1. Could you tell me how far the Cα centroid of region 15-55 sits from the Cα centroid of region 105-135, in Å?
2. Please order 140, 53 by the number of other Cβ within 10 Å, starting at the fewest.
3. Which number comes out as Rg/Rh for the chain once both Rg and the Kirkwood Rh are worked out on C-alpha atoms?
4. Give the span of region 11-57's Cα atoms along each principal axis, as three whole-Å numbers ordered largest to smallest.
5. How much mean residue ellipticity at 222 nm does the chain get from its helices, if each DSSP H run of length 4 or more adds -39500 (n - 2.57) and you divide by all residues, to the nearest 500 deg cm²/dmol?
6. Output the relative contact order of the chain, whole-number percent, from Cα pairs under 8 angstrom with separation of 6+ residues.
């Protein structure tokens, strides 16, 4: 499966010539049997520009787009709204300014929420149809519970990581020393 490429010369401070060269390398590598020399050239580009992999194929963004396409039934209005909702949620979680692991966990929380919300929506539709067998209802209930657990686990992990990163202040109360986390 070929990947759609969007590479701009503004990202990474590339000139128009560099952007064209990179585009040619990406185009040559975007096949089932790429030329090994072009793959080597791609590796050089990826090492030279540490953010390039996100431009080419950020797996979190790719997963989010796949969820949006699936959940929307390929309805552009719904898909674009879901994608923008993801961006807003990442902003609200502070993913843009977060260090590496925390940024990845923000993405995990949002992706888990997207999956959970989609499963809940589908489950509600199925229940509302009145045509579910007991086995089907059980299946959807288990699927919704599993999605909820994944979401809550991701949110809890993000909260734990953030709590570990809070600076500690030592306070003396009477003869006891107490460590208190400073709020962000």
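1. When both Cα centres are located, 38 Å separates them.
2. On the way: 140 19, 53 12.
In increasing order of surrounding Cβ atoms, one gets 53, 140.
3. Values: Rg = 22.4 Å, Rh = 20.2 Å.
Here the Rg-to-Rh quotient is 1.11.
4. Principal extents (Cα only, largest first): 30, 19, 16 Å.
5. On the way: 7 runs with 125 residues, N = 184.
The helix contribution divided over the chain gives -23000 deg cm²/dmol.
6. Details: 136 pairs, mean separation 23.3, N = 184.
Relative contact order, the chain: 13 percent.
Just so you know, all these numbers are worked out from the coordinates, no wet-lab data involved. Because the structure is predicted, anything quoted here is derived from the model rather than measured. When we count neighbours, we look across all protein chains shown, and the Cβ atoms used for this are built from the backbone with ideal geometry, even at glycine.
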